[in-house]
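A.B. asks: Dumping the structure here so I can ask a few things about it.
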Amino acid sequence: MHNVLAMDIGGSRFRVALFDDAGRRLEVLEGETSRSGGRDWMLDQLRSRSRELLDRSDYPVKACGISFGGPVDFERQQVRSLHVQGWENFALARWVQETLNLPCRLDNDANAGALGEYRFGAGRGTGSIFYMTLSTGIGGGLVLGGKVHHGRDSLAGEIGHIPVSESGVACVCGGRGCLETFCSGTAIALRGREWAHRRPESAARVLKLSGGKVENISARAVAEAAAAGDSMAVGIIQESAHWLARGLLMVVRLLNPDKIVLGGGVARAGRVLLDPLRKNMEELSSPTLPYSTEVELAELENYSPLYGATALTLETAAEGAKS
Ligand SMILES: [Zn+2]
């Protein structure tokens, strides 16, 4: 028997957890990420919480896996994020090795989420899945034959940044007309605010859920209002589903995976998103190219990347045992 350590470093929350060698979650320590604290603050948190868990573990801890909420160079096992100070080209796996004396492997949150759902969630028992995370932005990860496919530059699966329109809407990546600009949480919140500005009478429910303030309207408020049948909110979610369907049909055409799994905060809207999405995909589909790829919601919710980090550590621990 042994245990493993898993970390999930996100823009708003971070988690450090202990799992057993069958992938069962034993204990999770969570906290809010301090963006102003930068890298050093985060490393302090990771170090102290990891040591706490290592001290409490009943069995030896053999390895560590990390899901990082930003770009990762998988080949070099480095973080590539430019958003938070100090993370650029930081060799996080090596830091864990030196600080906690554990072999470690690192991947980005979309790939980790894909691996987590494949091993422990909605993708269990399949041969291949495409996992899409719908939150502030849109990310994606692909598991083929049990392995995450990273691609030449660790960029495989970046579905949020496929240009789907000539509209010219500017994207955070520097491109224009990306899928993310139409159906991410940020896009949904923006659409809600635009509605509330133009026709406040039709946005009453969304506004109420946002404390009466247009600037506080979030994707969650829009999704909640849509789930309650509010027509403006339903319209916004349906429009997102329309664009999302195009993106996912590309996935079906290119990869034809066994399953497409939707995770992230926006996916928690549930049926109100899933129903129009499936309908749109059906309408866009061609009768001469029928497919059986299923589209489902993630089972592990917030924990998909953390379970993925665990799957990474179990691989690392198994390789260590062999060598
Ligand atoms: Zn983009």
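Nothing in this text is a laboratory measurement; each read-out follows from the coordinates by a stated rule. Here the structure is a predicted model, which is why all the values come from computation and not from measurement. Here the Cβ positions follow ideal geometry from the backbone for every residue, glycine too, while neighbour counts run over all protein chains shown.
A.B. asks: Report the calculated FRET efficiency for Leu29 and Leu274 (r = Cβ-Cβ distance, R0 = 30 Å), to the nearest 0.05.
C.D. replies: Values: r = 32 Å, r/R0 = 1.08.
Computed FRET efficiency for Leu29 and Leu274 comes out at 0.40.
A.B. asks: Remind me, what semi-axes does the chain give for its equivalent ellipsoid, largest first in whole Å, using sqrt of 5 times each Cα gyration tensor eigenvalue? Write down the numbers at each step before the final one.
C.D. replies: Values: eigenvalues 237, 106, 63 Å².
The answer is 34, 23, 18 Å, longest axis first.
A.B. asks: Residues with beta-carbon under 10 Å from that of Gly265, excluding Gly265: net charge, scoring Lys, Arg +1 and Asp, Glu -1? Walk me through the numbers on the way to the answer.
C.D. replies: Details: positive: Arg220, Arg268; negative: Glu301.
Taking every Cβ under 10 Å from that of Gly265, the sum is +1.
A.B. asks: How do 271-278, 297-304, 111-118 rank on mean C-beta neighbours within 10 Å, highest first?
C.D. replies: Details: 271-278: 18.5, 297-304: 20.6, 111-118: 32.1.
Top to bottom by mean Cβ count within 10 Å: 111-118, 297-304, 271-278.
A.B. asks: What fraction of the DSSP beta bridges in segment 125-298 is antiparallel, stated in percent and rounded to the nearest 5? Walk me through the numbers before you get to the answer.
C.D. replies: Working: 11 of 20 bridges.
Bridges in segment 125-298 that DSSP calls antiparallel: roughly 55 percent.
A.B. asks: Separate question: Say each of Gln97 and Glu283 gets a label point 7 Å from the Cα, pointing the same way as Cα to Cβ; how far apart are those two points in nm?
C.D. replies: Going by the 7 Å Cα→Cβ label model, 5.2 nm.
A.B. asks: Can you give me the distance in nm between label points at Ser231 and Asp153, each placed 7 Å from the Cα along the Cα-to-Cβ direction?
C.D. replies: 4.7 nm
A.B. asks: Take peptides 26-32, 136-142 and line them up by average Cβ neighbours within 10 Å, highest first, as a rough protection proxy. Show your work: numbers first, answer last.
C.D. replies: Numbers: 26-32: 13.7, 136-142: 25.9.
Output ranking for 26-32, 136-142: 136-142, 26-32.
A.B. asks: Can I ask one more? As a quick test, which of the pairs Lys259/Lys322; Lys208/Lys259; Lys62/Lys147 have an alpha carbon distance above 28 angstrom in this structure? Present the calculation step by step, with values, prior to reporting the outcome.
C.D. replies: On the way: Lys259/Lys322 32 Å; Lys208/Lys259 37 Å; Lys62/Lys147 21 Å.
Pairs exceeding the cut-off: Lys259/Lys322; Lys208/Lys259.
A.B. asks: Still on this structure, please answer the following. At 0.36 nm per residue, and after removing the present C-alpha to C-alpha distance, how many nm does the segment from Glu319 to Arg76 gain when stretched out fully?
C.D. replies: Details: separation 243, 0.36 × 243 = 87.48 nm, distance 1.81 nm.
So the chain would gain 85.7 nm between Glu319 and Arg76.
A.B. asks: Just to confirm a number: summing +1 for Lys and Arg and -1 for Asp and Glu over residues other than His83 whose beta-carbon lies under 12 angstrom from that of His83, what do you get? Before the final figure, lay out each step's value.
C.D. replies: On the way: positive: Arg35, Arg39, Arg80; negative: Glu88.
Here the count lands on +2.
A.B. asks: Could I ask something else about it? Would you mind computing, in nm to one decimal, how far apart the modelled labels at Lys208 and Asp40 are, each placed 7 Å from Cα along Cα→Cβ?
C.D. replies: Computed distance between label sites Lys208 and Asp40 equals 4.9 nm.
A.B. asks: So, one more: Given a Förster radius of 22 Å and the C-beta distance between Arg176 and Met250 as r, what FRET efficiency does 1/(1 + (r/R0)^6) yield to the nearest 0.05?
C.D. replies: Values: r = 18 Å, r/R0 = 0.81.
About 0.80, to the nearest 0.05.
A.B. asks: Using a cut-off of 14 Å between beta-carbons, work out the net charge of the residues near Ile138 (Lys and Arg +1, Asp and Glu -1, Ile138 not included). Before the final figure, lay out the partial values.
C.D. replies: On the way: positive: Arg246; negative: Asp109, Glu158, Glu180.
Net charge in that neighbourhood comes out at -2.
A.B. asks: Report, please, the projected area of segment 125-298 averaged over directions, based on the convex hull of its C-alpha atoms, in nm². Can you show the working numbers first?
C.D. replies: On the way: hull surface 42.8 nm².
It is 10.7 nm².
A.B. asks: Roughly speaking, what is the centre-to-centre gap between segment 172-221 and segment 249-323 when only Cα atoms are used, to the nearest Å?
C.D. replies: Using only Cα atoms, the two centres lie 25 Å from each other.
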